[in-house]
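Asker: Have a look at the structure that comes next, please.
The values are calculated or read from the model by the stated rules, or taken from the named source; none is laboratory data. All figures in this text were calculated on a predicted structure; none of them were measured in a lab. FYI the Cβ positions are ideal-geometry reconstructions off the backbone, even for glycines, and counts take in every protein chain you see. Surface accessibility is based on the protein's heavy atoms, side chains included, excluding ligands, DNA and RNA. Shrake-Rupley method; radii C 1.70, N 1.55, O 1.52, S 1.80 Å.
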Amino acid sequence: MANITVGLIPSPDMPHKIINKIYTDLPNEIRHHTGGNDEWHIEKHIASIVGTAEHMDKAMDITTNMKKQKAWDYAICITDLPNLSNNKTVVCDIDLTNNIALISLPALGAINLKQKLRNFISFVIQYMHSNGSDNNLLNSQHFKLTKFTTVTPNEEDKNKNHLRIISTSTFIGWLHLISGMTFANEPWSTIFDFKKIISVSFATGTYISIFSTPWDISLDYDYWRFILLMFMSIFGMVGWLIYSYNLWERKNPKTQKLYRYIYNFTTLTTLTVITLFNFITLFLLLTISTLLFVPPELFSNWTSLGSKQPTLINYINLIWFITSLGILAGAMGSTVENADKIKRATYSFRQYYRNKQLEQENDADYNNDEESNDYAGRKQTHREEEE
């Protein structure tokens, strides 16, 4: 029986949160996959070690150096950045020479993420522990839609000790990647920063509902008009947020075009999810307001219904209509509570903040102790917090 130590190096934010949730279960899970009576120990460190997705090799170098310094047997870096190989999504890079691996968390998608990551980490440890002899590529219940294959990252070197696991389906891989990146942005965490917009939207919707014209319009509108108006309001708010807070990443020599497109599309999906949450919240608030202050008799007398009693569908259409107008007016007439938090919900700004923090911390470390470099020959510095 051997004592084996595995070092986990999650990036801040979502990777760190997911690792915390599965941390205690990993030793038993790894023992189940590898078999035998070995004692598995898990250590974890938070490290902002990757500046851009295009330079994942730097993360591999730093992971190797950290593994040597900490005397780990295996080391796995879990990042929230996308990783691509010939336009296919990369889930993991494994270096058997140094017994390290790099997992791209967004490539696992947004559903059952804890189980998927736990299963994948166990598989990676099993693969490295067997020195690549066990190549059962995760045909498990947690990966029903995804099939994996392996490629050699550098076709010229033909380095068989460096394995890259990619999704075989381009469509499923990209679907998982975008949904995973949107999930990693944690759109639900910014809902309470939209109180001003919700307030203005609610006030606008309530004011509109005072007049009978919207009531009559809601009776005559076809559903395609309701849907069109709803989409106009949602994407109007999304566009306003992107414009107001400069969330669209422009051409940058540090970021390749493909990754820039991914970041911007993820910003679009993240803000769309946030706005949908706000739309539903406003819809519920206006439902209460409308049902309380628009009695059926008044609805009939003020509209073309005449002697007919309004139905539940009539009320829903009215609320749908004034919610769409309220969201559109609220987006243009107010701002969010915490602009900095909205910016951090996008990949490009989050990486920018991480890089700035790294630069400040590295400058401070250098000024305090010019001999504090831990890793000889490393390509990039990193921040580390021991748990």
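Asker: Show me the three semi-axes of the equivalent ellipsoid for segment 160-221, from the C-alpha gyration tensor (sqrt of 5 times each eigenvalue), largest first, rounded to whole Å.
Answerer: 48, 19, 4
Asker: Do any of 116/341; 44/68; 44/251 go past 25 Å between their Cα atoms, and which?
Answerer: 116/341; 44/251
Asker: So, in Å, what gap is there between the alpha-carbon centers of segment 166-183 and segment 229-300?
Answerer: A separation of 23 Å, based on Cα centres.
Asker: Take the solvent-accessible surface of the protein heavy atoms, probe 1.4 Å, and return the percent of it on segment 1-86 that carbon and sulfur atoms account for.
Answerer: The C+S portion of the solvent-accessible surface of segment 1-86 is 41 percent.
Asker: Here's another thing I want to ask about it. Starting from the 7 Å offset along Cα-to-Cβ, what nm value, one decimal, do you get for the label separation of residue 256 and residue 206?
Answerer: Reported label-point gap for residue 256 and residue 206 is 5.3 nm.
Asker: Let me see the pair-distance distribution of segment 1-130: every alpha carbon pair, 10 Å bin width, integer percents in order.
Answerer: Bins of 10 Å from zero give 13, 48, 33, 5, 0 percent of pairs.
Asker: Over 31 Å between Cα atoms: which of 70/343; 58/147; 70/114 fall into that group?
Answerer: Beyond 31 Å: 70/343.
Asker: Hey, can you grab everything whose amide H is under 5 Å from the amide H of residue 84? Only 5+ residues off in sequence or another chain; H modelled, so Pro and N-termini drop out.
Answerer: Here 90 satisfy the definition.
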